[in-house]
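Please treat every number below as a calculation from the coordinates, not as lab data. Bear in mind the structure is a predicted one, so any value in this text is a computation, not a measurement. Neighbour counts run over all protein chains shown; Cβ positions are idealised from the backbone, glycine included.
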Amino acid sequence: MVLTLGKSVAKLLWWNGLDKALSIFDYRGPMPEQLVQNLLTDLEELGSLAKVLGDNPLESFGADDSELSKKYYPSRFRYYQALLSFFVDITPLRNNRKIKALPTVNETIDHTPDEKWFFLNGIGTNEDMARVNAQMLNKIFKRPITPLHNPTNGFARDLIEVTKGRNFNTPTSIARSAKIHIKCELLKIAKKTANASEYEKKRHKVVVIAHSQGGIIISNVVKMLIHDPRCNSLLEHLEIYTFASAHDEYPSSLAKSQSTKVPFTEHFANDRDYVAEVGVLKNVNKTSGKVYEKSGPGHLLNYHYLKDFDQGKYEGLGIGSRLYSLRNGNR
C-alpha cells in the first residue's frame, strides 16, 4: 500500500510540475517543435518514473551509502529539509540562478595536489545532499571534491530549468556561472605549466563529475569553453564524467567538425533510470564520449550509481573506463 501511494504521489508531482512548465511556456508564446518532441519523448518513458528509487524504494531510506539515509546528515531537521527540497520549493522568495562552490570535502589524504575535482549535482539536490554526494566521491577517488551546487527551487521550477537547458540551446545563468569556476581553474593550470615539461603538463587537470541535470549544465559549459579563445587550447586538461545525464546532446549544439576539440568524457547510465532513458541513452548518437550502461533501475547518485561503479559493474566488455582507473587515488 505504501509503495502504491508513493508511486501515485510521484506521478502527481510530475504532472503538476509539467503543467506548471507548460503554462509558463504558453504564456511566453508558441513552443518550438523541438520542445514538443522532447516532451513527448519524456512522456513515453513516464512509466519508468516509479523506478527512480529502484525496485524497492523504501530500501534506500536506510541503506548504507544512500543519500536518503539520515545517518549522513548532521541533524534530523537537516535530513528532512533535504528530502523536502526535492519535491517543493522551501525558499519561494529566493530566486537561485547561480552556481555556488561549497566547501571542499576532503576526508582522505590527497595524493594529487595538481588536480582539481568538482561535483555538479542534479535536480532536487540541496546543499546538504550535495555534500553527501561529494563525501562518497571523496571516499572512492581519494581526492578533495568541491561541490558546485546547482541550486534547487523545488521539482517544478527545476523541471523548467531542465527543459530550457535542453530545448533552447541557450546557456542559462546557471551554466554561465559554472563555467566561471571551471575556467578559473583551467587558467590557473595555464599559468602554472607555462614553462613546464610535457610530462608535468599532463599531470595537471580539472575533473568535473556531473549528475542528472548537471549533465545538461556541463554540456552547455563545454560548448562555451570550446568557443572561448582563452580556454579552447586548455581543454586537454579537462575531463568530464556524467552519471544519469539528462542531456539531449553533448556538447550542447556543437557544430561537428574534425577540428573541434572536446574534453575527454565518459558517461554512465542505468538502463531503467527514467532520467538516463530520456537523456543520454536516448541520444547516444549525439553524445561525444563512451557510454557505459548497466542493467537496472534507480537514479540516486550514491546508492544506484557510485556504489555499483566502485564495484566495477559498469565495466562490461572492451576498453575499461578511465574514471574507474582513478579510484583510490590512482592516476
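Calculate, in nm to one decimal, what Leu187 and Leu58 gain on full extension: separation in residues at 0.36 nm each, minus their alpha carbon distance.
Numbers: separation 129, 0.36 × 129 = 46.44 nm, distance 4.52 nm.
Stretched fully, the Leu187-Leu58 segment lengthens by 41.9 nm.
Between Asp228 and Thr104, what's the calculated FRET efficiency when r is the beta-carbon distance and R0 is 22 Å? Round to 0.05. Don't skip to the answer; put the middle values down first.
Values: r = 25 Å, r/R0 = 1.13.
Between Asp228 and Thr104 the formula returns 0.30.
From the cross-link list Lys100/Lys183; Lys142/Lys313; Lys116/Lys191; Lys142/Lys205; Lys183/Lys313, which pairs have alpha carbons spaced over 22 Å apart? Before the final figure, lay out the partial values.
Numbers: Lys100/Lys183 14 Å; Lys142/Lys313 20 Å; Lys116/Lys191 15 Å; Lys142/Lys205 15 Å; Lys183/Lys313 33 Å.
Where the Cα-Cα span goes over 22 Å, the pairs concerned are Lys183/Lys313.
Amide H contacts for Ala210 (H built 1.01 Å from N in the peptide plane; partners 5 or more residues away or on another chain; cut-off under 5 Å): Leu120, Tyr241, Thr242, Phe243.
Charge dipole of the range 213-331 (Cα centre as origin; +1 on each Lys and Arg Cβ, -1 on each Asp and Glu Cβ, all else neutral): 220 debye, rounded to the nearest 20. Stretching the chain fully between Tyr80 and Arg97 yields a gain of 3.8 nm (0.36 nm per residue, less the alpha carbon separation). Tell me the label-point distance for the pair Arg327, Lys70, using the 7 Å Cα-to-Cβ offset, in nm and rounded to one decimal. It is 3.2 nm.
With a 10 Å radius around each residue's Cβ, average the other Cβ atoms per peptide and rank 281-287, 267-273, highest first.
On the way: 281-287: 16.1, 267-273: 23.7.
Per-residue Cβ counts within 10 Å, averaged per peptide and sorted highest first, yield 267-273, 281-287.
Between Val284 and Val88, full extension at 0.36 nm per residue minus the direct alpha carbon distance yields a gain of 67.4 nm.
Taking other residues whose beta carbon is less than 13 angstrom from the beta carbon of Pro74, and scoring Lys, Arg as +1 and Asp, Glu as -1, yields +3. Between the alpha-carbon centres of the range 264-320 and the range 182-227 there is a gap of 22 Å.
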